[in-house]
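Please read the structure below before turning to the comments.
FYI, it's all coordinate maths here, none of it is from the lab. Owing to the predicted nature of the structure, the values given are computational and were not obtained by experimental measurement. Glycine gets a Cβ as well: all are built from the backbone with ideal geometry, and neighbour counts include every protein chain shown.
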Amino acid sequence: MCGIAGIIHKKGGQSVNIGKQMTSMLQALKHRGPDSTGYAVYGEDNGNQILRIKVAEANELEGSYSIHEDILERIVTVDERLADLGAKVISKESVTEYSLRYEISFDGDMKKLVDFLEDVEDVEILSVGSTLELIKDLGDAAVVSAQYGLNDFDGTHAIGHTRMATESDIDIRSAHPYWAYPFSDIAVVHNGQLTNYWTHRRDLERKGHRFSSNCDSELIAVYIANKMSDGVDLETAMRDSIDFLDGVFTYLVTTKDQLGMAKDCMAAKPMVVYEGDDMIALASEEIAIRKLFDHQIHTFDPYEGEVKVWQH
Amino acid sequence: MATLKDTKSHDMGLHEESLKGRTQQRFFSVDESSNLTYFNSFEVDTDKTATIDALEMTPREINIEIRELMESGVGSITVDNPMSRHGVGVGILNRLNLTFNDSLGYFGCGLIDGPNVHIKGRVGWSCAENMMAGTVLIEMNAGSTFGAAIRGGDLVCRGSVGARTGIDQKGGTIIVGGNTGAFSGFMMQRGRMIVCGDAGRSLGDSMYDGVIYVGGEVEELGIDCVPGEMTELDVRYLTSKLDLYGIKTPNGVEKMNKYVSGKMLWNYDKLEPSEKKIAL
């Protein structure tokens, strides 16, 4: 099944505890998939780049005697490679043993930096952005939120995902959201199944795009990145995706200041939208949106093939 | 293919409204009265009222509370703060005035046979699925598969609904005050669907029988769904039915369009025995 949710506050609003809001929405969707939970949250832009990095899988910790030493070695290598390419580390935080948050000052080629870091064994860049922070791990929203301190995260917009693993493993690699490598600040969550994943994956890989998992949903992030690299705007890329992607899907995309939603032509996957004066909230089920309101609200279901984009 | 007798009710698609399947061919006998009584169907008094505050309750607790109240004879129940919870108000098999002062989630009021339900918010997917009798009135919008496989009663949404409305509808009436999404009336078998606004693509796709009325635009008809001729009887029926719920169409019922099955795909070649009698 999987559950997805998104929220965006309109410009001029007060600073909002977006992490807490998204946690309450995702926890309400836990019954749609308790395997893993992920967030793409957008905070303040202070001019630096935020890197969210994973240096091991959570379930690797129990499977190897040397994993703890391996992790330390990988982190040292990452630090060295950041320095090699001239990235100045402003701050570095080990959120869990296997996941890190770097704030860096870097004016060089970000794609080159990401490729260089991911060349280190088992290192995966979860996200790069001036405002985006992508967090995903095993367990439900309450567990992941507590683990990563998301209840204290203030920001403007966010998307999230609760995963029912189907076509790929229960691991962080296959958890959503997916960052649209190599574009800063773009993330995707998806509910559904894509049946032309492998065909398009091979095409996109030949064009030089990288896939970090075997999860079909990653295709959407890579496709959006590919379109945007051709100069296509987000909404057009999303509209084109309706015909490009085969299968059943509803997905959400976020950029630095936008939140978009697309639904397949069969309208096979659910989505409920609330459009208020100050904020837009959407989720696979209204019960998630109701976690933000203690009173009745007006909501609607988008129709088949519909694409909507909201601006912060 | 057998041709059924052409009557006014046939014009309206009502000729097979009463289910004539083998399971329905039962005639009341005092000796079998126990077999014709629903288990968990209660004698209630609509003058007896009760209110449930569902804010801190699970769907299961809400449904048990409703059942216990019915068991004690309460015939008018109001549920406050259901907060879009799923599967609430299901399996009610007796007359009951049930009001939800808020929205419901998925599968609200499914498998009901008799109650009059008023939902003052919206409903999620599959509202009133497999409804047999009674009325369900929703004040706001509804999700997809609205009224899937209903067999009787009136299912009314004042707002707009999602895709696949009335999929596999086997009877009863679905009324939508606004628009409906794609594949509405998909594999519809009997009954009536009234959409006051627009309908998405593949309307009535593979429908076997039944009638769909649309007041607005139809994006595209589905396979084997064809325009039908609006008769005076249709207008009278639509007027009375919509007046009952105070619902207006943008251009008036006279300008509504009627859609029926072209019966090119009709595959009821193994007619129920009772239908064969009529046909022959």
Q: Pop the C-beta distance of A:His31 and A:Lys111 into the FRET formula with R0 = 41 Å and round what comes out to the nearest 0.05.
A: 0.60
Q.
Can you work out the Karplus-derived ³J(HN,Hα) for every residue in the range A:183-192? Use 6.51 cos²θ - 1.76 cosθ + 1.60 with θ = phi - 60°, whole Hz, and x for glycine or proline.
A. 7, 5, 6, 10, 9, 9, 10, 9, 10, x
Q: Obtain the nm distance between the two label points defined at B:Thr46 and A:Arg202 by a simple spin-label model: each point lies 7 Å from its Cα along the Cα-to-C-beta direction.
A: 6.6 nm
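Could you tell me what percent of the DSSP beta bridges with both partners in the range B:122-280 are antiparallel, to the nearest 5? Show your work: numbers first, answer last.
Working: 8 of 29 bridges.
Of those bridges, close to 30 percent are antiparallel.
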Q.
Under the rule a/c < 1.5 gives rounded, and otherwise a/b versus b/c splits prolate from oblate, where does the range B:119-176 land using the Cα gyration tensor?
A. oblate
(Q) Averaged across A:284-297, how many Cβ atoms of other chains sit within 10 Å of each residue's Cβ atom? (A) 5
Q. Can you list the residues, at least 5 places off or on another chain, whose amide H is less than 5 Å from the amide H of B:Ile175, using H built in the peptide plane?
A. B:Leu155, B:Val156, B:Cys157, B:Ile194
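Give the calculated FRET efficiency between A:Glu97 and A:Phe244 to the nearest 0.05, with a Förster radius of 56 Å applied to their Cβ-Cβ distance.
Values: r = 39 Å, r/R0 = 0.69.
With R0 = 56 Å, the Cβ-Cβ based efficiency is 0.90.
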Q.
Give the separation of the Cα centroids, the range A:209-253 to the range A:57-83, in Å.
A. 31 Å
**Q.** Rounded tilt (10° steps) of A:197-206 against the dominant C-alpha axis of chain A
**A.** 50 degrees
Q: Determine the distance separating the Cα centre of the range A:1-40 from the Cα centre of the range B:104-179; give it in Å without decimals.
A: 29 Å
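Can you compute the charge dipole magnitude of the range B:131-280 about its Cα centre, using +1 on each Lys and Arg Cβ and -1 on each Asp and Glu Cβ, nothing else charged? Give it in debye, rounded to the nearest 20.
Values: 16 positive and 18 negative charges, 74 e Å.
So the dipole magnitude of the range B:131-280 works out to roughly 360 debye.
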Q.
What are the ³J(HN,Hα) couplings of the range A:78-88, residue after residue, when phi is run through the Karplus curve with 6.51, -1.76, 1.60 and θ = phi - 60°? Round to Hz, x for glycine and proline.
A. 4, 4, 5, 6, 4, 5, 4, 8, x, 7, 8
**Q.** Amide H partners (placed H, <5 Å) of A:Lys269, local residues excluded
**A.** A:Phe249, A:Asp264
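Report the charge-dipole magnitude of the protein assembly as shown in Debye, nearest 20, computed about the Cα centre from +1 at each Lys and Arg Cβ and -1 at each Asp and Glu Cβ.
Numbers: 58 positive and 90 negative charges, 395 e Å.
Its charge dipole is roughly 1900 debye.
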Q. How long is the gain from A:Ser229 to A:Ala165 if the chain were fully straight, where each residue apart is worth 0.36 nm and the alpha carbon distance is subtracted?
A. 20.0 nm
Q) If you wrap the protein assembly as shown's Cα atoms in a convex hull and average its projection over all directions, what's the area in nm²? A) 31.2 nm²
**Q.** Point-to-point label distance, A:Leu61-A:Lys20, nm (Cα→Cβ direction, 7 Å offset)
**A.** 2.7 nm
(Q) From the phi angles alone, apply the Karplus equation (6.51, -1.76, 1.60; θ = phi - 60°) to the range B:218-234 and give each ³J(HN,Hα) in whole Hz, x where the residue is Gly or Pro. (A) 10, 4, 5, 7, x, 5, 6, 9, 10, x, x, 8, 6, 10, 4, 5, 4
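Taking the mean number of other Cβ atoms within 10 Å as a proxy for protection, how do you rank A:256-265, A:112-121, B:202-211 from highest to lowest? Walk me through the intermediate numbers first.
Details: A:256-265: 21.5, A:112-121: 16.4, B:202-211: 24.5.
Ranked by mean Cβ neighbours within 10 Å, highest first: B:202-211, A:256-265, A:112-121.
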Q. Between A:Glu69 and A:Asp122, what is the spin-label point distance in nm, taking each point 7 Å from the Cα along the Cα→C-beta axis?
A. 1.3 nm
